[in-house]
Amino acid sequence: MSDQKRLLLAAALMAAVLFISWQFMGRSAQSDSTQDTQQSIEYVQQEQIPAVEDSASVGKESTEIISEKVHNIDVEEILPEERVIKVIVYDGCEVIVEADISTAGGTVIGWKLPQYEDMPGAGNGECINFDGNNWTQNSRNYETSSEDTIIIDEIPQTLVLHDPSGGGEITYTFTPGRYGFLYETDGFDEIAVLNGGILPVSETNSNPSRYFKAQWNAEKVKNRNSNDITGDVQVGNVEWIAARSQYFAIIMMPQSYERAYGYLFASEEDKSPSIGLQDNRIFVYAGPLDYGRLRSLGRDTSRLVDFGWPIIRDIGRLLFWFCTSILSFVSNWGIKIVLLAIVLKLVLMPLTTKSFKSMAMLKQVQPKMKELQEKYKKDPKALQSAMQKLYREEGVNPLGGCLPLIMQMPVFFALYRVLANSVQLRGAPFILWIKDLSKPEILIPFQSPVIGLHGIGLLAVLMGIAMFLQQKMTMTDQNQKGMMYMMPIFMTFLFMRFPAGLTMYWFSNSLLTIWQQQFIKKKLETVKN
């Protein structure tokens, strides 16, 4: 047999072997593959598809997922692709909120307030951003049919996120002109929790350990420093519960009921606290502690703006209303404060005029008073009786000079609370070097604090000089000469640590008082002549 025939015979035998192997081994493999495929389908149906009574009720989406899993031999779980939905909220023509909501967890991951500068005076050009953490903890992945950007400018709009496996639904409802949203959940536990660390530190030279607080309204408004929350605390039925800083807050308000159980949870040190509310329908306010906006929310949320004790609080509200309503035509808060000083001086004019007249008359009776003091220096009771008789005969009130100052004190304390806690003053400039009326005015800064001061303020020095001149004009007793020097120095040091707006008010008031004293003095001299 030739080599060629042997080659042909070997090829024929190999073809026969391959044919027989295909007939027997191929059928066996096909049977095994069919069995494995059937087991894969049963596994996916048991683990990924909710139980149904009729296989026809399985949705088209679930069927596509099954087919894809069967096609992939390793049966890997297919998760929805993460999307970030941007929500832009307008108030008229101005953007007040730029929010980012992720389908991964269905949570807010960014919340910018374009109208408010981050760290006023730092010059970083950034706005406030509540992005310290995902707002809620949720491991589920959601889908939405929403567009990538939602504009809220005319009517409320909703963003609906649903779990494709049927595990729940989250709905956000945004309204034009509002710093917040209605948060509704379906298929979750009733306690909604906002994570700690959401609020940023937004002020320079702040003390983070005392910067953040939790605050809530349960019969009365209470608060707790964030670093003092060491565990899970239930604070009772609340009308609202909030995590706050000096000028900004996140507030949770139940909507299913007037009250709901509120909770505090420990967060990282020097971070804003974690808060919770037992409701599936909550309005979440996330924005500035603006007294007007909070008052429109109701339920005493305006108490988050601390205007002081009850009487001081009422005066502070009146001052705030005057500056924001009557003086709304003035945009510069420094000018508003000067106008406020003028108006208050005019209101108290009759009282101060009477007081200055009394003090002028007291100067005139000084010689008679000295005679009585010499005459009755060994008999205090007789001296007191004689002095009272002299006051009645001359029509002098020795305490009249103190009355204007006493009347000014409640206004001073109320104005201090308004200027220190109103977000409208935050970063509000006046003129030249005075860039922020809510902070101490510093013309000559120090490299490091000296006796508690970060620098020298010109306004405080001018106020001290004006106060010295005012006291010199009204001093009736030479024994008080030391006080005439010590009081202005002490007040100058004190006001260098106060907000520049408060120093501006007191300086303006001192100048107006000096002018008033000079006017009354000339008037009395004219009458005398």
Report, by residue number, each residue of the range 163-183 that is part of a strand (DSSP E or B) and buried (at least 20 other Cβ atoms within 10 Å of the Cβ). I170, Y172, F174, G180, F181, Y183
For the range 296-311, how many residues meet the condition of being within 22 Å of the chain's Cα centre (by Cα) and touching a residue at least 60 places away in the same chain (Cβ under 8 Å)? 9
Of residues in the range 283-307 being in contact with a Leu (Cβ under 8 Å, 6 or more places away or on another chain) and polar (S, T, N, Q), the one surrounded by the fewest Cβ atoms within 10 Å (Cβ to Cβ): S302
Find all pairs meeting these conditions: Cβ atoms under 7 angstrom apart; at least six residues apart or on different chains; first residue within the range 90-109 and aliphatic (A, V, I, L, M); second residue part of a loop (DSSP other than H, G, I, E, B) and crowded, with 16+ Cβ neighbours inside 10 Å. I96/Y179; V97/Y179; V108/W135; I109/D131; I109/N134
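Condition check ((1) farther than 30 Å from G292 by Cα; (2) in contact with an Asp or Glu (Cβ under 8 Å, 6 or more places away or on another chain); (3) at pLDDT below 85) across all residues:
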{"position": "F430", "(1), (2), (3)": "no, no, no"}
{"position": "K439", "(1), (2), (3)": "no, no, no"}
{"position": "K472", "(1), (2), (3)": "yes, no, yes"}
{"position": "Q478", "(1), (2), (3)": "yes, no, yes"}
{"position": "P488", "(1), (2), (3)": "yes, no, no"}
{"position": "P499", "(1), (2), (3)": "no, no, no"}
{"position": "S508", "(1), (2), (3)": "no, no, no"}
{"position": "Q516", "(1), (2), (3)": "yes, no, yes"}
Given (1) modelled with pLDDT of 95 or more; (2) closer than 30 Å to Q115 by Cα; (3) of a type in the set (A, V, I, L, M), index of the condition V238 fails: (2)
Right, S325: loosely packed, with under 13 Cβ neighbours inside 10 Å and either in contact with an Asp or Glu (Cβ under 7 Å, 6 or more places away or on another chain) or of a type outside the set (A, V, I, L, M, F, W, C) (or both) or not? yes
Go through the residues of the range 325-347 one by one and say whether even a single one is assigned to a helix (DSSP H, G or I), out of contact with any Cys (no Cβ under 8 Å at 6 or more places or on another chain) and under 30 Å from G180 (Cβ atoms). yes
Among residues of the range 342-356, those that are crowded, with 19+ Cβ neighbours inside 10 Å and modelled with pLDDT of 85 or more, counted: 2
Residues that are part of a strand (DSSP E or B) and surrounded by 19 or more Cβ atoms within 10 Å (Cβ to Cβ), drawn from the range 137-154: N141, I152
Under the condition of being modelled with pLDDT under 80 and of a type in the set (K, R), which residue from the range 357-369 is nearest to F507 (Cα to Cα)? K357
With respect to S358, is the statement that it is free of Cβ contacts under 8 Å to residues at least 60 places away in the same chain and part of a helix (DSSP H, G or I) true? yes
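Quick one: is V343 in the same structural domain as L511 (by TED's automatic domain parsing), of a type in the set (V, I, T), on the phi < 0 side of the Ramachandran plot and within 28 Å of the chain's Cα centre (by Cα)?
For V343, the condition - in the same structural domain as L511 (by TED's automatic domain parsing), of a type in the set (V, I, T), on the phi < 0 side of the Ramachandran plot and within 28 Å of the chain's Cα centre (by Cα) - is not met.
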Check on A218, surrounded by 23 or more Cβ atoms within 10 Å (Cβ to Cβ), touching a strand residue (DSSP E or B) at 6+ places or on another chain (Cβ under 7 Å) and on the phi < 0 side of the Ramachandran plot: no
Within the range 383-402, is there a residue that is within 30 Å of I335 (Cβ to Cβ), buried (at least 18 other Cβ atoms within 10 Å of the Cβ) and within 57 Å of the chain's Cα centre (by Cα)? no
Could you identify the single residue in N205, N227, N280 that is in contact with a helix residue (DSSP H, G or I) (Cβ under 9 Å, 6 or more places away or on another chain), surrounded by fewer than 21 Cβ atoms within 10 Å (Cβ to Cβ) and in contact (Cβ under 8 Å) with a residue 40 or more places away in the chain? N227
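Let's see how each residue does on (1) out of contact with any Ser or Thr (no Cβ under 6 Å at 6 or more places or on another chain); (2) outside the structural domain of A286 (by TED's automatic domain parsing); (3) surrounded by 15 or more Cβ atoms within 10 Å (Cβ to Cβ); (4) closer than 19 Å to S272 by Cβ:
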position	(1), (2), (3), (4)
G92	yes, no, no, no
A104	yes, no, yes, no
V108	yes, no, yes, yes
Y116	yes, no, yes, yes
W135	no, no, yes, yes
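Answer yes or no: is there a residue in the range 435-453 that is surrounded by 14 or more Cβ atoms within 10 Å (Cβ to Cβ), not assigned by TED's automatic domain parsing to the domain that holds R295 and not in a loop (DSSP other than H, G, I, E, B). Break it down into steps so the answer makes sense when it comes.
Of the range 435-453, the ones surrounded by 14 or more Cβ atoms within 10 Å (Cβ to Cβ) are 435-443, 453.
Narrowing further to those that are not assigned by TED's automatic domain parsing to the domain that holds R295: 435-443, 453.
Remaining after also requiring not in a loop (DSSP other than H, G, I, E, B): 453.
Yes, the conditions are met somewhere in the range 435-453.
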Every residue from the range 176-235 that is within 23 Å of N421 (Cα to Cα) and of a type in the set (F, W, Y): Y179, Y211, F212, W216
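So that you can scan it fast, the table gives a plain yes or no per residue for (1) on the phi < 0 side of the Ramachandran plot; (2) out of contact with any Lys or Arg (no Cβ under 7 Å at 6 or more places or on another chain); (3) without any contact (Cβ under 8 Å) to a residue 60 or more places away in the chain:
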residue: N124; (1), (2), (3): yes, yes, yes
residue: W135; (1), (2), (3): yes, yes, no
residue: R140; (1), (2), (3): yes, yes, yes
residue: S146; (1), (2), (3): yes, yes, no
residue: T149; (1), (2), (3): yes, no, no
residue: E154; (1), (2), (3): yes, yes, yes
residue: D163; (1), (2), (3): yes, no, yes
residue: T171; (1), (2), (3): yes, yes, yes
Residue count, the range 98-118, condition touching a strand residue (DSSP E or B) at 6+ places or on another chain (Cβ under 7 Å) and not in a strand (DSSP E or B), comes to 3
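The values are calculated or read from the model by the stated rules, or taken from the named source; none is laboratory data. Keep in mind it's a predicted model, so treat the numbers as computed, not measured. All Cβ positions, even for glycine, are placed from backbone atoms using ideal geometry, and neighbour counts span all protein chains on display.
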